[in-house]
Amino acid sequence: ADLPKTHFKVVGGGSHNYTFGAVEKPFWETMLPEASGGQVTADLAGLAESGLKGPEVVRLMRAGAVDIGMGVFAYVSSDDAMFEGIDLPGMATDIDTARKVAQAYRPVLDRRMSERHGIKLLATVAYTAQVFFCREPVAQLADLKGRKIRTRGRNMADYVSALGGNPVTLPFAEVVTALQTGVIDCAVTGIGSGNAAKWFEVANNLYNLPIDWSVGFYGIGLKRWQRLDPSVQALLEQQSQVLENRLWDETKRENDFALACNTGEGDCQIHEKANMKAAAPTAQDQAVLRSIALNIAQQWGKRCGTDCVREWNETAGAAVGVTID
Amino acid sequence: MLSTTVILLLSLLALSVAAAASVGILGLALSELFSPLPLANAIGELAWGTSAEFLLVAIPLYVLMGELLVSSGVAGRMYGAVSKWVSWLPGGLMNANIGASALFSATSGSSVATAATISTLALPEQRKAGYNAPLFLGSIAAGGTLGILIPPSINMIVFALIANVSVPKLYLAATLPAVVLMSLFMLAIIGACMVRPGLAGERPVVTWRERIESLPHLVPPLAIFVLVIGVIYGGIATASESAALGVIAALLLAWYKKALTIATLRRAFESTMRTTGMIILITLSAFFLNFVLSSIGLTTMLVEFVTSMELSALGTMLAIILFYILLGCFMDTLAMLVTTAPLTVPIVVALGFDPIWFGVMLILLCEMGQLTPPFGMNLFVVHSIRGEGKFIDVIYGALPFCLILLLMLGILLAFPQLALWLPLQMSSVS
Amino acid sequence: MAPVRILGKVAGFGIWIGGICLLVSSTLIVVDLILRKFFGWSLGGADEISGYVLAIVSAWAFPITLLRRSHIRVDVVYTHMPRRIRIVLDLFAMTCMGVFIGVLTYHAWQVLMDSIAFNAISNTPLQVPQWIPQSLWFAGYLFFLVTIVVLLACSLWLLARRRPREVGGLIGIHSVEEEIHEEVHPESMAAVSPGHQTMQEK
Ligand code: NA
Ligand code: NA
């Protein structure tokens, strides 16, 4: 039997990101309609084009003003510290680990979002490694001391403070000028998205320390979800898994090429060749970073509560072999 | 959908509904008519998010800074000093009007404040020295429009937020066009007065000694400008932070000049609250409309429609300019900017123009709107401070300056580098 | 009229509080700037606090702008109309403002309720519970809505009392002459501003 005709208004991620054009757009505008025999259609708008900033997405989905929306957990976590557990800074040092953590923690968030926030979680999403783009060279971890570093979110700010940096908040549109003039020394963003935004023109030094992965999600308002025909629900659920896999796979590909593109050495696909100077934490630094990451996880655990910590330990913690008390 | 939107907006505005309410009601109506989703539910979050935006903090701070500066008497002494230096030129004091406006603009974010301040200082001189009234009035009205072109500028802050571009870049992009426009204004005055010397009144006789002695009066406004704008490019502060510095500096200056009384403060606060309420309400209703337009697909539709017409990029740009000139005749320019930029910026970017360049073009069009009847804010300002004579005199006087603004738009269209060169220099520095 | 005088009193108070808040947040930003530049450390959160200040101050500024009749209205048609039509337009314009602000206030309430229900805390090192700034912000909207309703009611009352001339002074378009006059001689505003009147009556 044919599916009932259904149309979704989708607010996706930033349209300047690589995966927006490579995955999100074809998925919503071609793949989903094809998979449904043309019965289920969607149109997709980028976050900024919708006049939104990010933190309000969860509330707008719950209120029904957005059908299906994409949010980054670190942005929407004002309403719930539990969200941050999926992507604690320093917890996942490579994208495969980040995916393992996200998969392990997903059932926890799935339940939490539907019980408390009126959202049905459809898919998780990640961006490339969130690393430092700096004006001056950073050879070792200690070089970050005293630098003014643009971050987003409390956890990342704590992490940067623990490294000895001064976290600064600044609207995204102001970052390039602030780096140019020296109002800030470094800014953290995706190693791929920073290239796409041509940050290498104003900050020629890359410190390849992945703080986190800007893990986010696609979701749909629960009320809207419950009104859908069960056949559409089944299709959407199954297709969301396809979307999730494609997003993670494509981001991994983007991430793997991004360093080569930024430094201009090696195989560069997807992004533009630049000639940034790159450095990464040494083995010695890694030990320091590990203890900072644990410390911040502990602080987060205190904010999140004992139930939250227990659930995190059983899922995400188990995936990386970390236990918070 | 498009015609409903346009007709509804124009009707509400024509029925004299406040611009902010017109835009808000339009958003609510479009949501009811064209969206399956209850888009009105977003208005609370958008209002909170927009009004707590750090970038917009600059707006009340610019207003407050300007108010404090006027009350400390800095502006009056500055006008006297400028006129000592430029009034030997053909056109006499009219050159001082332009020069003093430019200098005051460098400490004020708005055109109305600039025109009002210079009017009160200059108009008594006009009567004394027997200038041709229309041209003299026009020079004040036109000089006042520099208020939003020379940084700091409230209109540019609002545009930057809508178009998602950097404020310092926009400020830098406006700098050379501002210098050129100011020179064109003065050249036009000098040229007209050389051809017809009767236009100018008697030029004041000033000795070099008086000139030198007047120099200290130029220091406070220049110092404020260097502080507010300099710290942005010196890598010390962001645009909003620099506005805070300006407020504190103006406060200290007023205190130093012994002008800091309860009455001055109350006056400055009152004016700041009034202007802030006006600007923020219209800005947040425009953000709601923007969300609705994007959600019902009108923005995409419009962009696709314009690009499908396969007009040349230049043809479309000319059409957009014409649209703004007409709209500027009837609308307050900030309201015009806020309600239309969410629609025109995507079109312009899709055509391959630089949004920073377009921002400067839009500011020039706003300046023109302030000078064109029937609704030209600067015309009103000059006319009512004059308190005598015919309104048509001011309109006639502003006309040549409107033509110069047209010329300036043409120059910027032909040489976009005039705006884009300086921001580009900044990127190659580091 | 008594209700308008009371509104003016509250608004006049709001002017002082608003102005002082702006001065305080400017000071905070400047202190943070100086510490950051010369001492390499930051108070943190000056920008966040100024954002809240702007949201709250502007919400309380809306009614002040309205009482001064300074929300932008296009008067191309208006000025050419006889007084009766103008009054109709004024009432219509104020009703539209009321509808818009009614919706806005209702949803501002929802935002506040959401923040309380979810115990929302800003995702920054400051960790500000959002209900604190949001309730002050919401109160501003509520006062704005009350102002609109009172102005409308007073206008209707004046009409019923056959005093149409006074309606213009309450909700009519601020003529440009008045506006410029205020720009140049703000001290004379005492004569027209309800806020000032009450201050003098005290
Ligand atoms: Na200015
Ligand atoms: Na006009």
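If only one of A:Glu29, A:Glu56, A:Glu34 is within 23 Å of A:Leu235 (Cβ to Cβ) and within 14 Å of chain B (Cβ to nearest Cβ), which one is it? Being within 23 Å of A:Leu235 (Cβ to Cβ) and within 14 Å of chain B (Cβ to nearest Cβ) holds for just one of A:Glu29, A:Glu56, A:Glu34, which is A:Glu29. Of the helices (runs of 4 or more DSSP H) lying entirely inside the stretch A:1-80, those containing at least 1 residues that are at pLDDT below 90 are A:73-76. Taken as a whole, the stretch A:304-314 holds at least one residue that is at positive phi and out of contact with any Pro (no Cβ under 7 Å at 6 or more places or on another chain).
Would you check which residues across the stretch B:185-200 are out of contact with any Cys (no Cβ under 6 Å at 6 or more places or on another chain) and surrounded by 20 or more Cβ atoms within 10 Å (Cβ to Cβ) and list them? Within the stretch B:185-200, B:Phe185, B:Met186, B:Ala188, B:Ile189, B:Cys193 qualify. When A:Gln239, A:Gln284, A:Gln269 are checked against the criterion of being assigned to a loop (DSSP other than H, G, I, E, B) and polar (S, T, N, Q), A:Gln269 stands alone in meeting it. Looking for something over 20 Å from the mean Cα position of the chain (by Cα) and within 14 Å of chain B (Cβ to nearest Cβ) - is there at least one such residue anywhere in the stretch A:210-221? Yes. Cβ separations smaller than 7 Å between residues 6+ apart or across chains give the following pairs from the stretch B:371-385 residues that are more than 15 Å from B:Pro124 (Cα to Cα) to residues that are within 16 Å of ligand 1 (Cβ to nearest atom) and assigned to a loop (DSSP other than H, G, I, E, B): B:Gly376/B:Gln370; B:Met377/B:Gln370; B:Asn378/B:Gln370. The number of residues in the stretch B:109-139 being within 18 Å of the chain's Cα centre (by Cα), within 14 Å of another protein chain (Cβ to nearest Cβ) and either within 16 Å of ligand 2 (Cβ to nearest atom) or among the polar types (S, T, N, Q) (or both) comes to 7. B:Leu251 - would you say it is touching a residue at least 12 places away in the same chain (Cβ under 8 Å) and within 30 Å of C:Ala59 (Cβ to Cβ)? Answer is yes for this residue.
Taking the stretch B:144-158 as the range and being within 14 Å of another protein chain (Cβ to nearest Cβ) and either within 16 Å of ligand 2 (Cβ to nearest atom) or outside any loop (DSSP other than H, G, I, E, B) (or both) as the test, the residues that pass are B:Gly144, B:Gly147, B:Ile154, B:Asn155, B:Met156, B:Ile157, B:Val158. Evaluate the following for B:Val86: is it surrounded by fewer than 24 Cβ atoms within 10 Å (Cβ to Cβ) and away from ligand 2 (no atom under 16 Å from the Cβ)? Taking the combined requirement at face value, the residue satisfies it. When we screen B:Ala14, B:Ala21 for residues that are surrounded by 20 or more Cβ atoms within 10 Å (Cβ to Cβ) and of a type in the set (Gly, Ala, Ser), the only hit is B:Ala21. Here B:Val167, B:Val179 are screened, and the one residue that is touching a residue at least 12 places away in the same chain (Cβ under 8 Å) and away from ligand 2 (no atom under 16 Å from the Cβ) is B:Val167. Scanning the stretch A:135-150 turns up no residue that is touching a strand residue (DSSP E or B) at 6+ places or on another chain (Cβ under 7 Å) and free of Cβ contacts under 8 Å to residues at least 12 places away in the same chain. Just one of the numbered conditions (1) part of a loop (DSSP other than H, G, I, E, B); (2) of a type in the set (Phe, Trp, Tyr); (3) more than 9 Å from every other protein chain (Cβ to nearest Cβ) is not true of C:Trp41: (3). Checked against (1) in contact (Cβ under 8 Å) with a residue 24 or more places away in the chain; (2) out of contact with any Pro (no Cβ under 6 Å at 6 or more places or on another chain), B:Arg267 passes all but condition (2). B:Ile98 meets the conditions (1) within 13 Å of chain C (Cβ to nearest Cβ); (2) more than 18 Å from B:Ala243 (Cβ to Cβ); (3) within 15 Å of ligand 1 (Cβ to nearest atom) in every case but one. The failed one is (1).
The rows are residues; the columns are (1) modelled with pLDDT of 90 or more; (2) buried (at least 20 other Cβ atoms within 10 Å of the Cβ); (3) within 14 Å of another protein chain (Cβ to nearest Cβ).
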{"position": "B:Val306", "(1), (2), (3)": "no, yes, no"}
{"position": "B:Met309", "(1), (2), (3)": "no, no, no"}
{"position": "B:Leu318", "(1), (2), (3)": "yes, no, no"}
{"position": "B:Ile321", "(1), (2), (3)": "yes, no, no"}
{"position": "B:Leu334", "(1), (2), (3)": "no, yes, yes"}
{"position": "B:Phe358", "(1), (2), (3)": "yes, yes, no"}
{"position": "B:Ile363", "(1), (2), (3)": "yes, yes, no"}
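Listed by position, the helices (runs of 4 or more DSSP H) inside the stretch B:310-415 whose residues that are within 16 Å of ligand 1 (Cβ to nearest atom) number at least 3 are B:333-350, B:355-369, B:377-386. The residues of the stretch B:25-67 that are among the hydrophobic types (A, V, I, L, M, F, W, C), in a helix (DSSP H, G or I) and more than 10 Å from chain C (Cβ to nearest Cβ), listed by number, are B:Ala29, B:Leu30, B:Leu33, B:Phe34, B:Leu39. Only one of the listed residues (B:Thr344, B:Thr299) is away from ligand 2 (no atom under 16 Å from the Cβ), farther than 24 Å from B:Leu149 by Cβ and either among the β-branched types (Val, Ile, Thr) or in contact (Cβ under 8 Å) with a residue 12 or more places away in the chain (or both). That residue is B:Thr299.
Residues in the stretch C:58-93 that are assigned to a helix (DSSP H, G or I), within 7 Å of another protein chain (Cβ to nearest Cβ) and surrounded by fewer than 24 Cβ atoms within 10 Å (Cβ to Cβ): 4 in all. Of note, C:Gly51 does not satisfy the criterion of being farther than 24 Å from C:Gly19 by Cβ and not hydroxyl-bearing (Ser, Thr, Tyr). When restricted to residues that are in contact with a helix residue (DSSP H, G or I) (Cβ under 9 Å, 6 or more places away or on another chain), more than 14 Å from chain B (Cβ to nearest Cβ) and outside any loop (DSSP other than H, G, I, E, B), the stretch A:155-207 contains 19. When B:Arg274, B:Arg211 are checked against the criterion of being more than 19 Å from B:Leu68 (Cα to Cα) and either of a type outside the set (Ser, Thr, Tyr) or surrounded by fewer than 19 Cβ atoms within 10 Å (Cβ to Cβ) (or both), a single residue qualifies: B:Arg211. For the stretch B:245-268, filtered to residues that are under 27 Å from B:Ala335 (Cβ atoms) and crowded, with 24+ Cβ neighbours inside 10 Å, the residue that is nearest to the other protein chains (Cβ to nearest Cβ) is B:Val247.
When the stretch B:166-189 is filtered for residues that are within 14 Å of another protein chain (Cβ to nearest Cβ) and either in a helix (DSSP H, G or I) or at pLDDT 90 or above (or both), the ones remaining, listed by number, are B:Val167, B:Pro168, B:Lys169, B:Leu170, B:Tyr171, B:Leu172, B:Ala173.
For the stretch A:77-113, what are the residues that are within 21 Å of A:Thr251 (Cα to Cα), surrounded by 24 or more Cβ atoms within 10 Å (Cβ to Cβ) and aliphatic (A, V, I, L, M)? Selection gives A:Ile86, A:Leu88, A:Met91, A:Ala92, A:Ala98, A:Val101, A:Ala102.
The values are calculated or read from the model by the stated rules, or taken from the named source; none is laboratory data. Treat the numbers as computed from the prediction; the structure is a model and nothing was measured. Neighbour counts run over all protein chains shown; Cβ positions are idealised from the backbone, glycine included.
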